[in-house]
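A.B. asks: Got a structure for you, written out below as structure tokens; questions coming shortly.
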Amino acid sequence: MNFITLLSMMFAFMAMQFPGATATMHMIEVGYQGTTFSPTSLFAVEGDTVQFRFVSIGHDVAQGVYDKPCYPSTDNNSFYSGKLGIGQTFTVDIKNGDSLWLYDTTFCNMGMVAVINPSSYNASLSQYRQAAVKTETSIAPEKVQNGTPGNFSTSATTTSAVLRENPPANATTSPRIVIGASPDRMVPSLAEIISLIALYGGIFGILLH
């Protein structure tokens with residue numbers, strides 16, 4: 001076994017030991033401008049976390065279902081924050097790439113909905129909101145579950161790449177709410193770079209063997 005092959009194996013081992021290096025924490029403001037989520041749509045992958053940051057009073061966030069807006073999901077893994085105040089947070093883990101349809105139980109009928117991992121980005125969320133506005137009843141889950149409450153971290157550095165619905169052609173996005181990689185994950189993480197080095201190093205080592 002030559003030095004290059006040994007080095008590539010070492011990099012591969014390091015990548016396996018630090019899987020969290022690829023994880024991203026996304027942030028969504030709850031109650032932005034009173035009755036909206038910001039952003040209303042984002043993409044997250046397994047291992048990421050989403051932190052809901054409450055910026056006005058009288059809000060919560062519940063996981064619902066696309067076909068029945070303003071009603072809670074019956075999935076045991078669905079989450080609900082309960083009513084939280086300004087400065088509080090609720091953080092959830094992303095288990096897979098499935099679409100997560102969200103609503104505020106008080107303002108759902110006013111169109112306060114959002115989605116994580118939309119299946120058909122603009123169209124589906126627009127239809128979900130339209131259906132929510134037509135719904136006369138909004139139901140809150142029975143209990144807080146499947147998330148971690150907390151508070152704003154004043155020491156956190158927030159670098160955001162905001163993903164908004166139907167941005168105008170001349171719109172510019174201001175730094176706001178995603179910590180880490182951008183939602184489209186075009187920027188490779190450290191672990192991804194290490195994995196690529198290991199892959200190409202192994203190939204190169206085999207060729208020189």
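A.B. asks: What distance in nm separates the two pseudo spin-label positions at Lys143 and Lys83, each 7 Å out from Cα along the beta-carbon direction?
C.D. replies: Roughly 2.0 nm, to one decimal.
A.B. asks: Would you mind ranking Ser41, Ser126 so that the residue whose beta carbon has the fewest other beta carbons within 10 Å leads the list?
C.D. replies: Exposure proxy ranking, most exposed first: Ser126, Ser41.
A.B. asks: For a footprinting-style exposure proxy, rank Ile94, Ile57 by other Cβ within 10 Å, fewest first. Write down the numbers at each step before the final one.
C.D. replies: Working: Ile94 20, Ile57 10.
Fewest-to-most Cβ neighbours within 10 Å comes out as Ile57, Ile94.
A.B. asks: What net charge is computed for the residues neighbouring Gly87, neighbours being all others with C-beta under 14 Å from the C-beta of Gly87, Lys and Arg scored +1, Asp and Glu -1?
C.D. replies: Details: positive: Arg53, Lys83; negative: Glu29.
Combined, the nearby Lys, Arg, Asp and Glu give +1.
A.B. asks: Could you give the nm distance between label points at Met25 and Thr106, where each point is 7 Å from its Cα heading toward the beta carbon?
C.D. replies: Rounded to a tenth, the inter-label distance reads 2.6 nm.
A.B. asks: Between Ser56 and Ala131, what is the label-to-label distance in nm when each label sits 7 Å out along the Cα-to-Cβ direction?
C.D. replies: Distance between label points: 2.6 nm.
A.B. asks: Same structure again: Cβ under 11 Å from Ser56's Cβ, Ser56 left aside: what net charge do those residues give with Lys, Arg +1 and Asp, Glu -1?
C.D. replies: -1
A.B. asks: Sticking with this one: With θ set to phi - 60°, apply the Karplus curve 6.51 cos²θ - 1.76 cosθ + 1.60 along the stretch 112-118 and write out the HN-Hα couplings as whole Hz, x wherever there is a Gly or Pro.
C.D. replies: Along the stretch 112-118, the couplings run 7, 9, 7, 8, 9, 6, x Hz.
A.B. asks: While we're here: By its C-alpha gyration tensor, with a ≥ b ≥ c as the square roots of the eigenvalues, how is the stretch 92-154 shaped: rounded for a/c under 1.5, else prolate for a/b larger than b/c, else oblate? Let's see the in-between values first.
C.D. replies: Numbers: a/c = 1.94, a/b = 1.26, b/c = 1.54.
Judged from the Cα gyration tensor, the stretch 92-154 comes out oblate (a/c at least 1.5, b/c at or above a/b).
A.B. asks: Tell me, what HN-Hα J-couplings in whole Hz come from the Karplus equation 6.51 cos²θ - 1.76 cosθ + 1.60 at θ = phi - 60° for each residue of the stretch 31-42, using x for Gly and Pro?
C.D. replies: x, 4, 6, x, 9, 9, 8, 9, x, 8, 8, 8
A.B. asks: Express in nm, to one decimal, how much length is gained between Lys95 and Ser119 on full extension, taking 0.36 nm for each residue of separation and deducting their alpha carbon distance. Let's see the in-between values first.
C.D. replies: Values: separation 24, 0.36 × 24 = 8.64 nm, distance 1.62 nm.
Answer, rounded to one decimal: 7.0 nm.
All of the numbers you see were taken from the coordinates with simple rules; none came from a lab. For clarity, every value in this text was computed on a predicted model and none was experimentally measured. Counting neighbours? That spans all protein chains shown, and the Cβs are built from the backbone with ideal geometry, glycine included.
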